[in-house]
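As structure tokens, the structure follows; a few thoughts come after it.
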Amino acid sequence: MKTSTWPLAGNLIMRVSPFIITLCLVLASILPIYIQGYPGVLPLLTLMGVFHWAVYKPALLPAYSVFFIGLIHDILHGFPLGVNTVVFLIIFGVVTSQHRFFFGKSFTVVWIGFGIVLAGSILMIWILMSLLNSTLIKVPIILFQYILTLGLYPVLGWCLLRWQKFLLKRV
Amino acid sequence: MGIKDSAGLVGNLAHPIKTVAQRFTYVALVVSSFCLIMFGRIDPIFVERFRVSITDGLTPLLNVTSRLTSSIFTLAQEVIDLNNTRKSNGLLIEENNRLLKWQALAKRLEVENKALHDLLNFVPSRKANFIAARIIADTSGAFANSVVLNAGKNESVQKGQAAVTGEGLIGRVSGVGFRSARILLVTDLNSRIPVIIQPRKIRAILAGDNSNYPKLIHLSPGINVEQGEKIVTSGHGGVFPPGLPVGFVKSVDQSLIKVRLFADHKRASYVRVLDYGTSGIVEMPLLKLDPQRPTRILKGGKKSNED
């Protein structure tokens, strides 16, 4: 009985988990952190999630899911609606178009790829936010956020890969 | 054979159709996102309402998750504190002795102040009601700086009210739902607060720039500000009550004056929303003149607790 239900349940979890996990990352990115002296800049967790699934399982996180995640991100983070939505969609489009390049490559290559995509997406957010606020947003904090996000990607990427492999074994 | 052929044909046709549909969806979503940005500029009130209602809906979930993280950080802090108990105990005894001296002085000044008020027939400023609420989401970052509280219209939180911690001002209510409220932090790029630099009573505007140290702008020309001078809210514009501690001048570099804030929302899991009976920037209070005693009537006919 167990053997017949597992693939079904596993398949369902596999299908919904990229969306659910990325949505959880949106919520995790706004959790209050009570650490004294912490500069108050969090890594871009949602971006990590969108990039990861766009590289490894783009079919399980389609464009409309990315749109929805971007919208929720904008709502909760207090961004003007559409800013992160459009950036996530562009990342998704760029990464999925380079699917063949990323396929079968080592994690280091994916990490470097993430570094480039992250720089591009932060630049896009910076341009959009500067335009919408009619002022140039300070760069040092953004650089710190870039380094923090890039540094943490292997940790989150490893966890997501482990989860992916765990489910694939059971499907 | 014929069925196989037709199935293959359907398959061959379906694939490019699917690809075209996916591309069309993708382009439509990107265009929709840009339209959303534009729509937010055209009708910000509708967008803000939409944002508030979604945040409101997610409040129970945010409540649970923030409690969880709060417990984890509290536990970690308690372990650290336990290590430092002996050292901090000595410091606390020393501080207590110092505070007792201040208490005696404060009591003497209170009596003196009351006597002077009686002499001047002074009309006291209105008393504030406090609405204590927990921070359930913190979105402070490089591009936007706000926090979400688990109190809203149901708890009488209104747009424009000031949010403070025990140390000073952290921001103002920028959006209110029934169960949640968003506080725009004073460090946010869009935050502008009229302040006074004490003790010389120099007027200025505290402007956030997404860094930890907001700047002072719109000072009268020729006025020199010195490092360490205290900054409080001025009360101009009817947004905040006057005299709320904000911070002190951190550095003066030609025209750039940076402010170090007294309050750090990162150190507080709870904040207080001040209800002074004023309706802040959105609903300006209507003043009804009374020869006997000034009474402030709020929109909707509700009388404030002027005392």
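All but one of (1) surrounded by fewer than 19 Cβ atoms within 10 Å (Cβ to Cβ); (2) more than 15 Å from the chain's Cα centre (by Cα); (3) of a type in the set (A, V, I, L, M) hold for A:ALA119, so report the exception by its number.
In the conditions (1) surrounded by fewer than 19 Cβ atoms within 10 Å (Cβ to Cβ); (2) more than 15 Å from the chain's Cα centre (by Cα); (3) of a type in the set (A, V, I, L, M), A:ALA119 misses (2) alone.
Looking at B:VAL123 and the list (1) in a loop (DSSP other than H, G, I, E, B); (2) at pLDDT 85 or above; (3) loosely packed, with under 14 Cβ neighbours inside 10 Å, which single condition is not satisfied?
The failed condition is (2).
Do any strands (runs of 3 or more DSSP E) lying entirely in the stretch B:184-255 carry at least 2 residues that are under 20 Å from B:THR165 (Cα atoms), and which ones are they?
By residue number, B:192-197, B:202-207, B:230-233, B:245-253.
Of all residues being in contact with an Asp or Glu (Cβ under 9 Å, 6 or more places away or on another chain) and either closer than 14 Å to A:GLN164 by Cβ or surrounded by 22 or more Cβ atoms within 10 Å (Cβ to Cβ) (or both) in the stretch A:15-39, which is modelled with the highest pLDDT? Just the residue, please.
Top of the filtered list is A:ILE30.
Find the residue count for the stretch B:195-207, including only residues that are within 15 Å of the chain's Cα centre (by Cα) and more than 11 Å from chain A (Cβ to nearest Cβ).
Matching residues across the stretch B:195-207 total 1.
Could you check A:VAL55 against (1) outside any loop (DSSP other than H, G, I, E, B); (2) buried (at least 24 other Cβ atoms within 10 Å of the Cβ); (3) at pLDDT below 95; (4) of a type outside the set (Gly, Ala, Ser) and say which number it fails?
Tallying (1) outside any loop (DSSP other than H, G, I, E, B); (2) buried (at least 24 other Cβ atoms within 10 Å of the Cβ); (3) at pLDDT below 95; (4) of a type outside the set (Gly, Ala, Ser), A:VAL55 fails exactly one: (2).
In the stretch A:69-97, what count of residues is obtained for those that are surrounded by fewer than 19 Cβ atoms within 10 Å (Cβ to Cβ), under 13 Å from the mean Cα position of the chain (by Cα) and more than 8 Å from chain B (Cβ to nearest Cβ)?
The total comes to 0.
Inspect the stretch B:38-55 for any residue being touching a strand residue (DSSP E or B) at 6+ places or on another chain (Cβ under 9 Å), surrounded by 10 or more Cβ atoms within 10 Å (Cβ to Cβ), at the interface with chain A (Cβ under 8 Å from one of its Cβ atoms) and modelled with pLDDT of 80 or more and give the result as yes or no.
Among the residues of the stretch B:38-55, at least one is touching a strand residue (DSSP E or B) at 6+ places or on another chain (Cβ under 9 Å), surrounded by 10 or more Cβ atoms within 10 Å (Cβ to Cβ), at the interface with chain A (Cβ under 8 Å from one of its Cβ atoms) and modelled with pLDDT of 80 or more, which makes the answer yes.
Restricting attention to the stretch A:123-148, and to residues there that are within 14 Å of A:VAL86 (Cβ to Cβ) and touching a helix residue (DSSP H, G or I) at 6+ places or on another chain (Cβ under 8 Å), which single residue is farthest from the other protein chains (Cβ to nearest Cβ)?
A:MET124
Could you tell me which of the residues B:VAL186, B:VAL148, B:VAL173, B:VAL157 is more than 11 Å from chain A (Cβ to nearest Cβ), farther than 27 Å from A:LEU136 by Cβ, within 9 Å of the chain's Cα centre (by Cα) and not aromatic (Phe, Trp, Tyr)?
B:VAL173 is the lone residue from the list that is more than 11 Å from chain A (Cβ to nearest Cβ), farther than 27 Å from A:LEU136 by Cβ, within 9 Å of the chain's Cα centre (by Cα) and not aromatic (Phe, Trp, Tyr).
Pick from B:GLY171, B:GLY175, B:GLY166: which is surrounded by fewer than 24 Cβ atoms within 10 Å (Cβ to Cβ) and in a strand (DSSP E or B)?
Of the residues listed, the single one that is surrounded by fewer than 24 Cβ atoms within 10 Å (Cβ to Cβ) and in a strand (DSSP E or B) is B:GLY175.
Give me the residue from the stretch B:228-242 that is of a type outside the set (Ser, Thr, Tyr) and touching a Phe, Trp or Tyr at 6+ places or on another chain (Cβ under 8 Å) and, out of that set, surrounded by the fewest Cβ atoms within 10 Å (Cβ to Cβ).
Out of the qualifying residues, it is B:GLY228.
Write out, first by first residue and then by second, each pair whose Cβ atoms fall under 8 Å of each other, whose residues are 6+ apart or on separate chains, and whose first residue, in the stretch A:9-21, is over 16 Å from A:PHE67 (Cα atoms) while the second is of a type outside the set (A, V, I, L, M) and surrounded by 15 or more Cβ atoms within 10 Å (Cβ to Cβ).
Listed pairs, sorted by first residue: A:SER17/A:TRP163.
Report whether or not B:ARG23 is among the basic types (Lys, Arg), within 12 Å of another protein chain (Cβ to nearest Cβ) and farther than 26 Å from A:ALA28 by Cβ.
Here the answer is yes, as B:ARG23 does meet what is asked.
The values are calculated or read from the model by the stated rules, or taken from the named source; none is laboratory data. Since this is a predicted model, take the numbers as computed values, not measurements. Don't worry about glycine lacking a Cβ; one is built from the backbone with ideal geometry, like all the others, and counts go over all protein chains shown.
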